[in-house]
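Have a look at the structure below before the remarks.
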There are 4 protein chains.
Amino acid sequence: MSLTTLRVRFAETDQMGVAHHSSYVLWCEVARVDWLNQLGTSYKAFELETGISLAVSGLRLDYRQGVSFDDEIRIETRLVEAKSRRIVFDYLLSHEANVVARAQTVHTPSSRLGQAVRMPQAYLELMAEHLNR
Amino acid sequence: MSLTTLRVRFAETDQMGVAHHSSYVLWCEVARVDWLNQLGTSYKAFELETGISLAVSGLRLDYRQGVSFDDEIRIETRLVEAKSRRIVFDYLLSHEANVVARAQTVHTPSSRLGQAVRMPQAYLELMAEHLNR
Amino acid sequence: MSLTTLRVRFAETDQMGVAHHSSYVLWCEVARVDWLNQLGTSYKAFELETGISLAVSGLRLDYRQGVSFDDEIRIETRLVEAKSRRIVFDYLLSHEANVVARAQTVHTPSSRLGQAVRMPQAYLELMAEHLNR
Amino acid sequence: MSLTTLRVRFAETDQMGVAHHSSYVLWCEVARVDWLNQLGTSYKAFELETGISLAVSGLRLDYRQGVSFDDEIRIETRLVEAKSRRIVFDYLLSHEANVVARAQTVHTPSSRLGQAVRMPQAYLELMAEHLNR
C-alpha cells in the first residue's frame, strides 16, 4: 500500500462547485506512480528500461461524496493482481475522515507500438512482494 | 440512441502517442449532453429549469484499442436505466470500423447543494420514451 | 483565415461557473489544426511527412468576457508570421456578437528530439500564400 | 516571493513526449494559490470572505525548454502589481538548474456575477507588503 496526498486544483473544479469526476482519474494516476516508487524504481525508469507501458485497459470509479477546491485528498493505493498480462490496482480516496471515492484500474503491459506484451518476470516477482498489502 | 462524433485533440494525447485514458471520460460527457438534446431540451436548460444536476456517481470504462490525434471518434449513447434516483447511460466508442471502448456512467440527480433528490416525474417520463433505444 | 466553431464542454467550466482560462488554450490548438487543413494537408500529415512539430514557444491571451457551458465559440485564426524558425498565429474568439478573447501563439519548428529546425521551404511558401488573410 | 514545487503528471504529457503547453497554465495557478497562503489566508478563504474571485484577464507564457513526465518543476511566484482593479503575478518555472518558462497573469477582481469590482483595501495593503519581493 502506498499513500499519496494532493490538493484539489482550482482548474479541477466545475460549475457544480466541486471537483469534476474526470479529475479523480488523474489523481489515481498520480497515486499509481507513487506506488511504483516503493519498488525502488519509478514508472519513468521502468518505461525507459523495459520499453513497456502499463496501458490502462479498464477503469472503475464509484463516487461517494463531492470534494472542493483546495481540499486535501488522501489516496491509498493497493496492488491487487499482478499477472504477466494483467495488473490491477485498487484506490481508496478520502478527505478528512470521509471516503470520497473508490477506484480500480486494470493495466495491460504494452510495447511502444501498443502491442500487449508479458510483464518481465523480475518485475512480476518484485510486485508480488507488495500484493494486497 | 444518440450519435456524437468528435476528433481527438492534440492536448488529449500523452507520451504513449495515443489519447490519454482520461480523455474518454470527457468524450462520454460530450456525448451525454448530445443525448439530452434529443429530449427537446438541453442539459443547460434542464439545470436552469429544475436546479438539478446529473452528478456522476459511477463510471466504468473498458478500453479496447488506442486512438490517435485527429482520429474521428463516433460515440453511440443509450439510456439504459431511468429511475427517480438513478440514471444510467451506456456508450459505445468507435473509430472507423473498430470498437475502441465501451463505457457506462451512473448518475444521481442532485440539488445545487449536492443533495440527492428525485428526478422530476415529467423528465422521467420523457426519458422513459427513449429508454434502451 | 480559418473559422472554427466548438461548444464549451461541461468539464471545461470551473467553480466560477464559466470556462476555465486554460480551456481557451486548448481551443486555440483546435483552431490551429483547422487552419492547417486549409493548406490541403493536416497537422497530422505534416508531422508524419516532415518529422517536424510546431512546438509552442510563446502564448498570449487577453480575456474580455466569460463564456458558459454549452456556449458556441467561434474562432477566427490568422497566420501573421511565417519564417523558417518562427510561425505566429492570431486568434479572435467570439460568442454570438461579442469578442470573448484574443490570443496569439508563437511556434518554433522542432525535430522529434525537440531541437529547433528550419521549416521546409515548400511549406513556408504554402503558408506565405495564406499570410494575413 | 513564494516557492512551489510539483511533478509533471503523466496525463500532462502529449505525443511530443513532453508536457503540453497548457499544463504550464495549470501549474501557475497552483503556484498562485500557494503565494496567497503567505498572506496568512488562502484563496479559498479569501473567496468565501469577500465574494471576490481573481479572474484571469491576461496570460503570457514564454517557453524555453520542454519538460518530461515526473520532472520536478520549481515555480517562483512574485506579485508585481497590486491595484484595486488589477493584480499581476510573474512566474519563473525551472527544472534542475534550467529556466523552462516565464509567465505572467493579470487578474481582475470580480464578483460572483462576473462584474469587475474593487479589491478590498485591507487586502490591497496586505498584498502591498509582498510586492516585488
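We did not get these values from a lab; they are worked out from the coordinates using the rules stated. A quick note: this is a predicted structure, and the numbers were derived from the prediction, not measured. Every residue, glycine among them, receives a Cβ derived from its backbone with ideal geometry; neighbour counts consider all protein chains shown.
Remarks
- Taking amide H as placed 1.01 Å from N in the peptide plane, the amide H of B:Gln15 sits under 5 Å from that of D:Thr13, D:Asp14, each at least 5 places away or on another chain.
- Teacher prompt: A:Ser42 distances to equivalent labels in other copies, 7 Å Cα→Cβ, nm: 2.8, 3.6, 4.5
- Between B:Met1 and A:Arg85, the FRET efficiency from the beta-carbon distance, with R0 = 35 Å, is close to 0.55.
- Both numbers refer to the Cα atoms of the range D:48-116; Rg and Dmax are 14.9, 43 Å.
- Legend: residue pairs B:Lys44/B:Lys83; A:Lys44/C:Lys44; C:Lys44/C:Lys83; A:Lys83/C:Lys44; B:Lys44/D:Lys44; A:Lys44/D:Lys44, Cα-Cα distance threshold 30 Å; pairs beyond threshold, A:Lys83/C:Lys44; A:Lys44/D:Lys44.
- Top positive-direction residue, dipole computed over the range A:2-128 with Cβ charges, set A:His95, A:Leu126, A:Val18: A:Leu126
- Neighbour net charge for A:Ala103 - beta-carbon separation under 12 angstrom, K R +1, D E -1: +2
- In order along the range B:30-36, phi translates into HN-Hα couplings of 4, 5, 5, 4, 4, 4, 5 Hz, rounded to whole numbers, per the Karplus curve 6.51 cos²θ - 1.76 cosθ + 1.60 with θ = phi - 60° and x for Gly and Pro.
- Relative to one another, the C-alpha centroids of the range A:63-127 and the range D:37-114 are positioned 32 Å apart.
- Ellipticity estimate at 222 nm from DSSP helix runs (n ≥ 4, -39,500 (n - 2.57)) divided over chain A, nearest 500: -7000 deg cm²/dmol
- For the segment C:20-31, counting C-beta atoms of other chains within 10 Å of every residue's C-beta and taking the mean gives 6.
- Amide H to amide H, with H built 1.01 Å from N, C:Val67 comes under 5 Å of C:Ala19, counting only residues 5 or more places away or on other chains.
- Anisotropy class of the range A:1-73 from Cα gyration tensor, a/c 1.5 cut: prolate
- Across the range B:46-54, coupling constants 3J(HN,Hα) worked out from phi with the 6.51/-1.76/1.60 Karplus curve, θ = phi - 60°, read 4, 5, 5, 6, 9, x, 10, 10, 8 Hz, and Gly and Pro carry x.
- For the protein assembly as shown, the square roots a ≥ b ≥ c of the C-alpha gyration tensor eigenvalues yield an a/c under 1.5, which makes the shape rounded.
- Under Karplus coefficients 6.51, -1.76 and 1.60, residue-wise ³J(HN,Hα) of the range B:66-80 in Hz, glycine/proline x: x, 10, 10, 3, 6, 4, 8, 9, 10, 10, 9, 10, 10, 7, 10
- Mean partner shielding of peptide C:3-15, defined as the number of other chain Cβ atoms within 10 Å of each residue Cβ, is 6.
- Here's how it looks for D:Val100: its modeled amide H is under 5 Å from those of D:Leu93, D:Ser94, D:His95, which are all 5 or more places away or on a different chain.
- For the rotation carrying C onto B, the chain C residue whose Cβ lies nearest the axis, with the distance in whole Å, reads C:Leu6, 5.
- Prolate is the label for the range D:6-133, because a/c, from the alpha-carbon gyration tensor with a ≥ b ≥ c as root eigenvalues, is 1.5 or above and a/b exceeds b/c.
- Inter-chain neighbour count for C:39-51: the average number of beta-carbon atoms from partner chains within 10 Å of each residue's beta-carbon is 1.
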